[in-house]
Every structure is written in structure tokens, then in C-alpha cells.
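Heads up: the structure comes next, in C-alpha cells.
The values are calculated or read from the model by the stated rules, or taken from the named source; none is laboratory data. Predicted model, so just to flag it, every value in this text is computed and none were measured. Every residue, glycine as well, gets a Cβ built from its backbone with ideal geometry; the counts of neighbours run over all protein chains shown. With ligands, DNA and RNA removed, areas are computed over all heavy atoms of the protein, side chains included. Shrake-Rupley method; radii C 1.70, N 1.55, O 1.52, S 1.80 Å.
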Amino acid sequence: MTAVEDVHPPNLRIMTIYGTRPEAIKVAPVIKAIERTEGLESIVVVTGQHREMLDQVNDMFGIVPDHDMNIMSASQGLNQIASRVIEGVDRILQLEEPDAVIVQGDTTTVMGAAIAAFNRHIPVIHLEAGLRSGNISSPFPEEANRRLTGQIATLHLAPTPTSRGNLLREAISERDIVVTGNTVIDTLFHAAENLEVQFDDHRLERLRREKEQGSEQRVLLVTAHRRENHGEAMVSIGNAVADLAEKYPDLLIAFPLHKNPLVRDAVMPLLESRENVVLLEPLPYPQFTKLVGLADLVLTDSGGVQEEAPSLGKPVLVMRENTERPEAVLAGTVKLIGTHRQRLVDEVSLLLDSQEAYSGMANAVNPYGDGHAAKRAVAALRWKFGDGERPQDFTG
Ligand code: UD1
Ligand code: UDP
């Protein structure tokens, strides 16, 4: 006869599917939390929509995927990514038969994996649910990807009360939403607390040492990659950075370049001969966030950077016309400035030249999370699919 204490309920098998750098940064703490939780079994699947930039993050967390679909190709199209994701994920779902699938955010990997799971009647858990710009064409295709995923998800893990409100307005039941905070802040705190940073690039390493000794070297950090900024807007961004390099010869401009050739081909010819512009390969996450900490201000079109830099008290100028992350704009730390060359130069100059304008924006705010989002996410999925209690919502 089996002793009562030997009878365990079967594990809930949770499959996390992701494909790009920002997804990896944001699912990693959840995967780690699942691994630590009794009664849960983690299955990790990467589509490989990104390659080097994805592997960099998995390596940092010591995550070895159970399945790697390796779909990336040079200058891939949206339908090519989507069809490869749906087909490849479908095969893995058939093989593994998970109880639920986690997807994070708004990439084509997310939309494809969610559809593949939905078509097999496997519940979809959407992490970072409810972000909305309100414009289906911008960001493209992310706003559509997140709305489509929201329509078929069973559990919505909204990062903030604002994103919860967006879901409620789309008639998603409040019983299917838990506000967790954004897991990006979990990863940020983890990197800041646990990882000693030295830069591989000798100019950044010198900067780090000099800053530690009280140097007042001013630093502008730039990143750009959005599809709607490819082409003319990317050239405008490159030209604006070149103008700033000339106008402020003592300013150090650090620009880690996305791997996308459409970004590199547009900005490299405009910037590579500038002495005070440091063009870099994508930085490992701990080095990138350390650099945010060393920078005076950030010029970016990135979603994740809009969430991290405010937490580190750095003013962020966002090269977009709208945002699905209004919280830090309302807090005054983020400003939307579009991509017009002269506007970029004027807005950066204002922050460099006016102490008053600078202090008005340099406030450390944490509307996106408190570092416990992954814990809430795991509690939420145990509540929804197992036998746990509903966690308290993150209140911002
Ligand atoms: C993708 C996401 C975007 C997200 C961004 C994060 C979609 C449609 N877009 O955009 O939402 O904000 O990731 O960075 O899902 N490449 C490499 N190595 C890499 C990564 C990319 O060489 O590690 C090159 C390849 O040539 C690839 C190209 O970049 O074809 C574009 O990658 P893709 O994932 O299609 O678009 P992103 O602009 O990275
Ligand atoms: N990031 C990084 N190295 C870099 C540039 C960015 O690790 O050189 C991180 C950054 O900290 C943030 C994420 O990548 O968490 C943002 O990714 P990206 O801008 O590619 O995508 P988005 O957030 O716009 O979808």
C-alpha cells in the first residue's frame, strides 16, 4: 500500500516560449521562480527569432533551453517569422503536451506561439499583458501582436494598474487578470545586486574607473531599433547623434548597435569616424544596465529601456510619437520627442545645458515594478491552474 505522504499531485508542466532579447530578459526570473517551486515543472522553448542577442541573456542566467527552434535568418520578414514559429511550436506542443504556455510581451514569436497553443486548446498565460499605444500601426507590428495575444490568453499578467485598466476596457474579465509589476525590474535589481561589472570595451572600462574616482565626464547613451524607425528616421537619428557629437566635443556618446543590418547600415557610416562616439556590439545585460547608471541621459526607442532607466533616475528621451508605457511619462522622467533631427538635437541640448530642465527629469521612479513580479506571476499561475491562493496585485 502507498503511504499517504508518498502520494503527490502530478506536476503542472509550464512551457515558457520566447525568442528575442527583451523577452529573455523578462521571462528569465519567471523561469527561475518556476524551477524553484515545488509542484511545477519548467519546459523552456526558444524560437531563436534572435540568436546572439538571445543567447547572451540565457547564458547570463544559466538557462539551457529544452528546445531551440533556431529560426532566425538575415533580414527576416514578419510572415516568415510567424509561419516558422507556429509550425515549430506546434510540433513541440504535440511532443510535450504542457498544461499551460507562457509568452511575454508583443513580438512575432509571442503572437505565433500564442496562436499555436490556442489552436491546441492549451491555455496561454500572457506576461506583460495590457500594454496599449492605442494605435494599431504603431508600434508595428507589436500593438497588433499584443492585442491578438490578449484576445486568446487565459491568464493576463498585467505589469501595472494602467495595463489592467486597458484590459478591462477590452472586456477581459477581472477574474483573469493579476497585476504583477514588470519582471524587467526583477532582472534589473538582480543584476545590480549580484553581478560585478567590468566592461569588455576598454573605453567604457576607463570611463567606469574614472567615474568611480569622481570624474564628471558627461555621457549620452543611445539605442535604436524599432521597425517604424527603419529607413529615413534611422538616418535622421544617426545625423542627430553626429550633430551632438560635434556640438559637444567633451560629451561621450555610447551607442550599442542592434544586430539588425538595417540599423547598422543606416547609422554606422554617419558615426564611425566621430572620436567621441563609441559604437558597440550589443552589450551583455549587466554591462548595459551599468552603462545606464553611468550615463547622464538616455536617447532611445526601446520599450525595455523606457522601464529600466527611470528606475535608475536617468532622464529618457524616447524617439517615438507615442508609447504604451505612459507611467514614467506621467512621472516626468520620460519624454516623447519623435525622430526629427533638429528636435533630437534641441531636446538633448536642453538637458545638457539647463540644470533646471535636467533636475526636473532626473527622478528615480519605479512605476513598473518592485522586484517581486516573478513571484507574483508564479503565484498567479498556481492559483489559476493549481491550488494556490490569488496573489495581491502590485499597486504601482
Ligand atoms: C524584434 C521584435 C521587436 C523587439 C525587438 C527587440 C518583432 C516583429 N520584432 O525586432 O518587437 O522590440 O526584437 O530587439 O517581433 N539579428 C541578428 N542577431 C540577433 C538578432 C537580430 O543578426 O541576435 C538580425 C537578423 O538579421 C534579423 C534582424 O536582425 O533578421 C531583425 O530581427 P527581428 O527579430 O526580425 O527584428 P528586430 O528588429 O530585432
Ligand atoms: N539591452 C542589453 N544590451 C544592449 C542594449 C539593450 O542588454 O546593448 C537590454 C536593455 O537593458 C533592455 C532590453 O535589452 O532590457 C531592451 O531590448 P530592445 O531595446 O532590443 O527591445 P524592446 O525592449 O524595445 O522590445
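Observations on the structure shown:
- Annotation note: Cβ proximity below 9 Å between a residue of the range 265-291 that is farther than 21 Å from residue 75 by Cα and a residue that is within 16 Å of ligand 1 (Cβ to nearest atom) and at pLDDT below 95 (sequence gap 6+ or interchain) occurs for 284/60; 285/60; 286/60.
- Of all the residues in the range 258-278, those that are farther than 14 Å from residue 226 by Cα, open to solvent by less than 50 Å² (accessible area, probe 1.4 Å) and within 14 Å of ligand 1 (Cβ to nearest atom) number 0.
- Residue check for residue 354: away from ligand 2 (no atom under 12 Å from the Cβ) and free of Cβ contacts under 8 Å to residues at least 12 places away in the same chain: yes
- Exactly one residue among 332, 338 is more than 16 Å from ligand 1 (Cβ to nearest atom), open to solvent by 10 Å² or more (accessible area, probe 1.4 Å), more than 22 Å from residue 193 (Cβ to Cβ) and assigned to a loop (DSSP other than H, G, I, E, B), and that residue is 332.
- Among residues of the range 114-149, those that are hydrophobic (A, V, I, L, M, F, W, C), crowded, with 24+ Cβ neighbours inside 10 Å and within 16 Å of ligand 2 (Cβ to nearest atom), counted: 3
- Among (1) within 23 Å of the chain's Cα centre (by Cα); (2) at negative phi - the single one residue 181 does not satisfy: (2)
- Residue pairs whose Cβ atoms lie under 9 Å apart, separated by 6 or more positions or on different chains, with the first residue in the range 38-55 and closer than 19 Å to residue 225 by Cβ and the second in a strand (DSSP E or B) and within 13 Å of ligand 2 (Cβ to nearest atom), are 47/18; 49/18; 54/18.
- Qualifying residue in the range 175-193 (condition: assigned to a loop (DSSP other than H, G, I, E, B) and surrounded by fewer than 22 Cβ atoms within 10 Å (Cβ to Cβ)): no
- Of all residues making up the range 313-329, the number that are part of a helix (DSSP H, G or I), crowded, with 19+ Cβ neighbours inside 10 Å and out of contact with any Gly (no Cβ under 8 Å at 6 or more places or on another chain): 1
- In the range 48-92, the qualifying residues are those that are more than 13 Å from ligand 2 (Cβ to nearest atom), of a type in the set (Val, Ile, Thr) and closer than 22 Å to residue 190 by Cα, and the one that is surrounded by the fewest Cβ atoms within 10 Å (Cβ to Cβ) is 64.
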